[in-house]
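Trainee: Pasting in a structure now, in structure tokens, and then I'll have a few things to ask.
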Amino acid sequence: MQFHSHLDTSGHTAGVWSAKRSEPLRVLHITDSSGGVASAIRSYVSATPDFCHRIFHLTRRDSISSSGYAKVDNCEVVEIERKITASTLGVVRQVRLYRPDIVHLHSSRAGFFGRLLVKKQLDLRIVYTPHCYAFERTDLNRFVRTTIMGIEALLSLNTSVVAACSQREADLAQRLARSATRVTTIPNVADWRFFGAQETLVVPAVVCAVGRLTAQKDPAWFMAVAEAVQRLRPSESVKFMWIGGGDKSYEEYLRSRGVEVTGWVDESRVDSLLQGCLAYIHSAAWEGFPVALLNAVACGIPPVVRDVPSFGPYSELCVASADEAARRILALMESPSKRKIQLAAWKNALRENSRSNQETALRALYAGTSP
């Protein structure tokens, strides 16, 4: 087990006080995810520094030092290896010792175990953010997805609030929720470090994706886009790059077809690679609401986004096929004005995903006044 403390309570006045103690409200975040979920949780903590936050992260053995939680400010972080017995005992122990006012569960798996192990009470609220429901996975068969949906409906009985990260997730939660469960939306936001980034295109043109290589990210779709660009315009020199790592079979699959896969790199390297790109591809087959997309837009990189249900409100800006994505990329290469138009359209579409909106929604959520 690893413990990190980055507490700085100087200068903060609590807006909401604990019902159990004469001190600021305590929030215990429980998660088994890193990547975009880690970015989202970091932003939650940053938006409400006057509350006491602790993150309990159930992680793979090889991910503890690179999970993204060790650098969270104004927060205590406890990380343990993700094993059934250790995880179960760890969750129970954290709730007993930390005595939180709110247990905030992040991801479907943490939401499942957390709501089985911890019971909501008058002085202990259970908040659940799926960051994409597991039954949205298109690599699972209908029976498994239906079963997961039924489990989610049952566990909603032990949920005070579902804090969705997108309108799609909120709509799904409303269908599943029992009468005692409220549903609200907490918008994801770009990482602070990307605001004010300057565009610095490199030559030849680079098209990138960012994140962990998993079935969800659908590297085959990303590869289909790269192949379509080559087929449609064989004379163009375009480099395709995946910033990140993950499943070794996916890494080898992309590398064997000419895609540069960086593997896991630190944040400063991610920043420098991303800021030189012509376009960012979001290839995921299912989603909650990706922080990587928000980062790309904040960084000034026009996104080319696959049209999946979570992007319903932005469907007209998305692409329906790999060929359409390739044509969009080639258009961006040909015309700086098209790059500006595409980027401006996405900035306008994502205008509600702001720091101020997130802070307002979080404070209402934790204070118990969200709709």
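Trainee: Taking the Cα centre of the chain as origin, sum charge times position over the Cβ atoms of Lys and Arg (+1) and Asp and Glu (-1), and report the length of that vector in debye to the nearest 20. Before the final figure, lay out each step's value.
Mentor: Details: 45 positive and 36 negative charges, 173 e Å.
For the chain, the charge dipole is close to 840 debye.
Trainee: Just to be sure I understand the model, the point goes 7 Å from the Cα along the line to the Cβ. What's the resulting Thr360 to Lys83 distance in nm?
Mentor: Distance between the two pseudo-spin positions: 4.8 nm.
Trainee: According to the square roots a ≥ b ≥ c of the eigenvalues of the Cα gyration tensor, what is the shape class of the stretch 192-349, taking rounded for a/c under 1.5, prolate for a/b larger than b/c otherwise, and oblate for the remainder?
Mentor: On the way: a/c = 1.16, a/b = 1.10, b/c = 1.05.
It comes out rounded by the Cα gyration axes.
Trainee: Shifting gears a bit: What percent does the relative contact order of the stretch 192-349 come to when contacts are Cα pairs within less than 8 Å and at least six residues apart?
Mentor: Numbers: 259 pairs, mean separation 44.6, N = 158.
In percent, rounded to a whole number, it is 28.
Trainee: Only bridges with both residues in the chain count here: give the DSSP antiparallel percent, nearest 5. Spell out each step's value before the answer.
Mentor: Working: 8 of 51 bridges.
Around 15 percent of the beta bridges assigned by DSSP in the chain are antiparallel ones.
Trainee: Then there's this: For an R0 of 22 angstrom, estimate the FRET efficiency from the Cβ-Cβ distance between Ser249 and Glu316 and round to the nearest 0.05.
Mentor: Working: r = 35 Å, r/R0 = 1.59.
It comes to 0.05.
Trainee: Here's a follow-up. Tell me which aspartates and glutamates have Cα within less than 15 Å of Lys120's Cα, excluding those fewer than 8 residues away on the same chain?
Mentor: Lys120 reaches Asp101.
Trainee: In percent, what relative contact order does the chain have, based on Cα pairs under 8 Å that are 6 or more apart in sequence? Before the final figure, lay out each step's value.
Mentor: Working: 705 pairs, mean separation 55.7, N = 371.
Across the chain, relative contact order equals 15 percent.
Trainee: How long is the gain from Ala220 to Ala349 if the chain were fully straight, where each residue apart is worth 0.36 nm and the alpha carbon distance is subtracted? Mind showing how you got there, number by number?
Mentor: Numbers: separation 129, 0.36 × 129 = 46.44 nm, distance 2.74 nm.
This chain segment gains 43.7 nm when fully extended.
Trainee: Separate question: Could you sort the peptides 214-224, 242-252, 137-147 by per-residue average Cβ neighbour count (10 Å cutoff), highest mean leading? Write out the running numbers ahead of the final one.
Mentor: Working: 214-224: 19.5, 242-252: 17.3, 137-147: 12.5.
In decreasing order of mean packing, 214-224, 242-252, 137-147 become 214-224, 242-252, 137-147.
Trainee: Taking amide H positions as placed 1.01 Å from N in the peptide plane, with prolines and chain starts having none, which residues 5 or more places from Val319, or on another chain, fall under 5 Å of its amide H?
Mentor: For Val319, whose amide H was placed from the backbone, the distant partners under 5 Å are Val305, Arg306, Asp307.
Trainee: Does the stretch 289-349 come out rounded, prolate or oblate by the C-alpha gyration tensor, with a ≥ b ≥ c the root eigenvalues, rounded set by a/c under 1.5 and, if not, prolate when a/b is larger than b/c and oblate if not? Working shown, then result.
Mentor: Values: a/c = 1.81, a/b = 1.14, b/c = 1.58.
Verdict is oblate for the stretch 289-349.
Trainee: Taking only Cα atoms, what is the 0 to 90° angle, nearest 10, from helix 355-367's long axis to the longest principal axis of the chain?
Mentor: 20 degrees
Trainee: In the chain, what is the volume of the convex hull around the alpha carbon atoms, normalised per residue and reported in Å³? Don't skip to the end; give the middle numbers.
Mentor: Working: hull volume 50.1 nm³, N = 371.
Spread over its residues, the Cα hull of the chain gives 135 Å³ apiece.
Trainee: Okay, next question. Going highest first, how would you order 359-366, 295-302 by mean Cβ packing within 10 Å?
Mentor: Values: 359-366: 19.2, 295-302: 24.0.
Result, highest mean Cβ count within 10 Å first: 295-302, 359-366.
Trainee: Can you work out the Karplus-derived ³J(HN,Hα) for every residue in the stretch 292-309? Use 6.51 cos²θ - 1.76 cosθ + 1.60 with θ = phi - 60°, whole Hz, and x for glycine or proline.
Mentor: Going residue by residue, I get 4, 5, 4, 5, 4, 5, 5, 7, x, 9, x, x, 10, 10, 5, 7, 10, x Hz, with x marking Gly and Pro.
Trainee: Which far-off residues, 5 or more places away or on another chain, put their amide H under 5 Å from the one on His53, with H placed in the peptide plane?
Mentor: Val27, Glu76
Trainee: With Cβ to Cβ distances under 9 Å as the rule, what net charge do the other residues near Leu330 carry (K, R +1; D, E -1)?
Mentor: Numbers: positive: Arg233, Arg327, Arg328; negative: Glu236, Glu334.
Surrounding charge for Leu330 is +1.
Laboratory data are not the source of any read-out in this text; all were calculated from the coordinates shown. These figures come from a predicted structure and were not determined experimentally. Note that each Cβ is placed from the backbone with ideal geometry, even for glycine, and that neighbours are counted across all protein chains shown.
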